[in-house]
Structure formats: structure tokens, C-alpha cells
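Worksheet for the structure shown next.
Readers should treat all values here as calculations from the given coordinates under stated rules, not as data from a laboratory. Since we're looking at a predicted model, the values are computed, not measured. Positions of Cβ are generated from backbone atoms using ideal geometry, with glycine treated the same way; all protein chains shown enter the neighbour counts.
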Amino acid sequence: MNKILFSAVSKKFVMALAGLFLLLFLPVHLGINLMLLKEDPEPFNNAAHFMATFPLVKVVEIVLMLAILVHVIYGITLQIINWLKRPVGYAVRNKSETSAFSRFMIWTGGAVLIFLIIHFFNFYFIKLGLVEGDPENFYSLAWQLFNIPGYVILYWICFALLGFHLFHALQSAFQTLGLNNDFWTPVIKGLSLIYAIVVPIGFAVIPLVIWLFK
């Protein structure tokens, strides 16, 4: 029993670290994507080329891919463990805000994962040469995608779900790392709310501007 408990706790700890690493990458990605709002494609294409070729970035990219893999596998594993521990639903559920977010984490995370796979096919796999496309002109590709209403709507839905996922994920990660007391809990909750609103809205505004005004 102790071995099983330690294994689950260890998975949650590693998952929290991987998740926090991914959260550090999102603002960087957002900063690059905001260059899509420029009329000149060169800044965005140059940034994309730098991210694809600079040696240190390529090392970080490998770590990022591993973090995604670990976060997804451990997230699914821990959810299955929780389901097996509670094969019969509780007669009365805790209706608190935190429990609601926690219950839907696996589903919001799954939706984000599906979008991430689509994103890989549209961009990352082109860079790797696995999918046909011009890796030196992602600017034009992004503009083409953001002029497809269905893709934009899917984009918005996925980033709205990402916001819900981030709000609980940040709090859960820091709680797992031990920052759970009268001082840090409200601070982390406030920062989580700000991050979970600002970052998804930042991404969502880009296709909106391109779709409506460009």
C-alpha cells in the first residue's frame, strides 16, 4: 500500500513540474504569435526560423516534448487510478468551485490535447518534413487557417477550455509542491485566475483581429 501511495504521489509531483514548465512556454509562444498581427511577415517568419534552428532552443524543444508526454501520460494514469478507487459515484458531490474544476480536468485537458495534435499537423510536422508545407513561411499558413471560420471557432473553444484547465492546474501544481497555506493559497488562486484569463484571451484575439480586420 505504501509503495502504491508513494508511486501516485511521485507521479503527481512530476506531473506538476512538467505542467509548470509548459506554462512557462505559453507566454513565449503568445509573444511570437502576436507578430502575426504585423503586416510584414518577416518578423514572425524570422522568429519561427530561430525557434526551429537555434541549438539551445532545439534542446528546450526536446524537453518541452518530454514535458507534454509526461504530463499527458501521468494525467491519464492518475485519473484512471482515481476512477478505480471510486468505481461508484458519490451520492452527494461537493459542489465547490474547486471540485467542479477538478472533476472536469481530464476532459478539458483531453480537448486541449486534441487541438495540440491538430496544431502539430499544421505547423510542427511541417517543420519536421512529415507534412507538406513551407517551414519558412508559417506566417502565410497561419493567416490561411485564421481565415477559415470553422478553424477559428475551434481555436476559440479550445483556448476557452484551456483557460478552465489552467485555472485549476496552476493551483493544483503549487499545492502539490507544498505551497498550500493561508498566505500562498489566495495569492496563487489570484495569479491562476489572471493567467487563465490573460493567456487564452491573448491567443484568441489574434485570429479575431485577422478574421475581422485584416
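Quick notes on this one:
- When only Cα pairs below 8 angstrom with a gap of at least 6 residues are kept, the chain shows a relative contact order of 30 percent.
- In order along region 135-147, phi translates into HN-Hα couplings of x, 9, 9, 5, 4, 5, 5, 4, 5, 4, 5, 6, 9 Hz, rounded to whole numbers, per the Karplus curve 6.51 cos²θ - 1.76 cosθ + 1.60 with θ = phi - 60° and x for Gly and Pro.
- Rg/Rg_ref, region 2-213, where Rg_ref = 2.2 N^0.38 Å and atoms are Cα: 1.12
- The 3J(HN,Hα) values that the Karplus relation (6.51, -1.76, 1.60; θ = phi - 60°) gives for region 28-40 are, in residue order, 5, 4, 5, x, 5, 5, 4, 5, 5, 7, 6, 5, 7 Hz. Gly and Pro appear as x.
- Evaluated over the chain, the count of Lys pairs having alpha-carbon atoms less than 15 Å apart is 4 (only pairs 8 or more residues apart or interchain).
- Rg over Rh, two decimals, region 153-214 (C-alpha only, Kirkwood Rh): 1.15
- Dipole-positive endmost among T108, A67, L78 within region 2-213 (Cβ charges, Cα centre): L78
- Derived scalar couplings between HN and Hα for region 70-79 equal 5, 4, 5, 5, 5, x, 5, 4, 5, 5 Hz in order, rounded to whole Hz, by the Karplus curve 6.51 cos²θ - 1.76 cosθ + 1.60 (θ = phi - 60°), x for Gly and Pro.
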